[in-house]
1. Somewhere in the stretch 183-203, is a residue closer than 14 Å to Ile122 by Cβ, of a type in the set (Val, Ile, Thr), within 16 Å of the ligand (Cβ to nearest atom) and not assigned by TED's automatic domain parsing to the domain that holds Ile367?
2. Considering every residue within the stretch 244-252, establish whether at least one is surrounded by 18 or more Cβ atoms within 10 Å (Cβ to Cβ) and in contact with a Cys (Cβ under 6 Å, 6 or more places away or on another chain).
3. What is the residue count in the stretch 4-42 for residues that are near the ligand (Cβ under 9 Å from one of its atoms), over 17 Å from Gly75 (Cβ atoms) and either surrounded by fewer than 18 Cβ atoms within 10 Å (Cβ to Cβ) or among the aromatic types (Phe, Trp, Tyr) (or both)?
4. Just checking, does the stretch 100-112 include any residue being within 10 Å of the ligand (Cβ to nearest atom), loosely packed, with under 15 Cβ neighbours inside 10 Å and at negative phi?
5. With the structure loaded, tell me whether Ala160 is farther than 30 Å from Cys275 by Cα, at pLDDT 95 or above and within 15 Å of the ligand (Cβ to nearest atom) or whether it fails that test.
6. From the list Ala53, Ala68, pick out the single residue that is at pLDDT below 95 and either surrounded by fewer than 23 Cβ atoms within 10 Å (Cβ to Cβ) or within 14 Å of the ligand (Cβ to nearest atom) (or both).
7. Suppose the filter is within 15 Å of the ligand (Cβ to nearest atom), without any contact (Cβ under 8 Å) to a residue 24 or more places away in the chain and either among the aromatic types (Phe, Trp, Tyr) or at negative phi (or both); does Arg94 pass it?
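The values are calculated or read from the model by the stated rules, or taken from the named source; none is laboratory data. Treat the numbers as computed from the prediction; the structure is a model and nothing was measured. So basically every Cβ, Gly included, is an ideal-geometry build from the backbone, and we count neighbours across all protein chains shown.
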Amino acid sequence: MTHILIIGAGECGARAAFALREKGFGGGITLIGAEPHLPYERPPLSKDSLAEASLPKFIAGAARYGEARIAVLTGAAAKSIERARKTVTLFDGRSLDYDGLLLATGARPRAFPGVPENAGRIRMLRTHADALAIRGALTPGARLAVIGGGFIGLELAATARRLGAEVVLVEGSPRVLSRCVPEEIAAFVAERHRREGVEIICGAQIAAIEEGGDGARLMLSGGARIEAELVVVGIGAVPNTELAQAAGLAIENGIAVDERLCTSDPDIYAAGDCCSFPLRHYGGRRVRLEAWRNAQDQGALAAANLIGAGEVLSSVPWFWSDQYEYTLQIAGLADGAQTTVRRDMEEGAFILFHLDREGRLIAASGIGPGNSVARDIRLAEMLIAAGAKPDPLALASPETRLKKLLAA
Ligand SMILES: Cc1cc2nc3c(=O)[nH]c(=O)nc-3n(C[C@H](O)[C@H](O)[C@H](O)COP(=O)(O)OP(=O)(O)OC[C@H]3O[C@@H](n4cnc5c(N)ncnc54)[C@H](O)[C@@H]3O)c2cc1C
């Protein structure tokens, strides 16, 4: 294999490029990215760097790409893949040949129906440019309306409060974090936001969003109006699959890959937020994850397999979110849980362990100040990977060390 092309210069694409070199690949590597910057971290965009930094937090500096002989084309978007000729054409007319191709095109924010533009006073948050535009409006006393009580909306609400903005958050479901987070933890998070003065309105349907004058307004279906200087829509993300679809690759809630991350074309792999894959520890059910560590792990795995390693995915899903002084962490997937037990820890931290009907640990969700739940969530992740069936009473008792359960 002489030239590997990676489309998408985000977390996954960058990680894959370096992993190729670390694994001894000596051929050419080209990383193509539509954004004007070198690859950067997205998680800080709704957290610290929204409040503080004006430059993105780069994954690596230009020198490191140079040393690793990785050619990075920024501001360059791939337009089409001609699979028979193994060529990718860019929108600027250039074309590049490949022997192996990795699609790491990520995802983009889901637009609010009827409001496709990410401009003016109605915004979405995915890129550094989005974060800069949002931060510009978050002055002390300014009013921010967030649509969507998912992770990004809630993190943004917490950061906006830190900057002194007033926040109202509107969620269509009866509670925030209704996807993937147990009710007990969602209630804890909502309560923390309310204490901070965030107004959370759940079960509300938005009839329209209007922009005009020096503000924007939300019309709720019950007739209420919410006025704000800025509206941020945070209602999920959609995978960037158009390129793959036009090339005739199989699509199934993302670019469909097998457990080696290979698409329906043996020379093309896909990884990160853009792909759906069979999840080994959950009976091979097909999932798509939007999570930082998954993008890293899959980038490294796709790199290995592009050069013939033939390795399969075995990691357990893991996600974290920071809001105020709290960090929430989730390992595994809790849907399908039959029993949930709670372990209370110091400083008000707690972890919920979720077991299936056979008593197998399938997920653990925890929240607490700083890193208080990190070690136990890590151990829970190892128990999940091992297919362990720990005693629920032992899980619930803070006296029982999870390490001991793992050894057993
Ligand atoms: C605000 C925010 C906060 C987050 N916080 C957390 C968190 O706390 N914890 C967590 O686990 N995860 C978090 N995430 C999710 C995490 O950042 C993503 O899962 C991760 O960035 C996915 O990496 P990726 O490389 O697959 O995709 P992306 O990071 O989306 O990168 C894909 C890149 O491909 C480019 N691209 C797309 N199509 C083309 C094309 N045709 N040609 C060239 N380039 C193209 C895109 O422009 C983009 O730069 C957060 C995400 C956001 C947006």
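1. No, the stretch 183-203 has no match at all.
2. no
3. Residues meeting the conditions: 1.
4. Looking through the stretch 100-112, none of the residues is within 10 Å of the ligand (Cβ to nearest atom), loosely packed, with under 15 Cβ neighbours inside 10 Å and at negative phi.
5. Spelling it out, Ala160 is indeed farther than 30 Å from Cys275 by Cα, at pLDDT 95 or above and within 15 Å of the ligand (Cβ to nearest atom).
6. None of the other options fit; the residue is Ala53.
7. yes
Conditions (1) touching a residue at least 24 places away in the same chain (Cβ under 8 Å); (2) assigned by TED's automatic domain parsing to the domain that holds Ala78; (3) out of contact with any Leu (no Cβ under 6 Å at 6 or more places or on another chain), marked per residue:
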position	(1), (2), (3)
Ser221	no, no, yes
Arg225	no, no, yes
Gln245	no, yes, yes
Asn253	yes, yes, yes
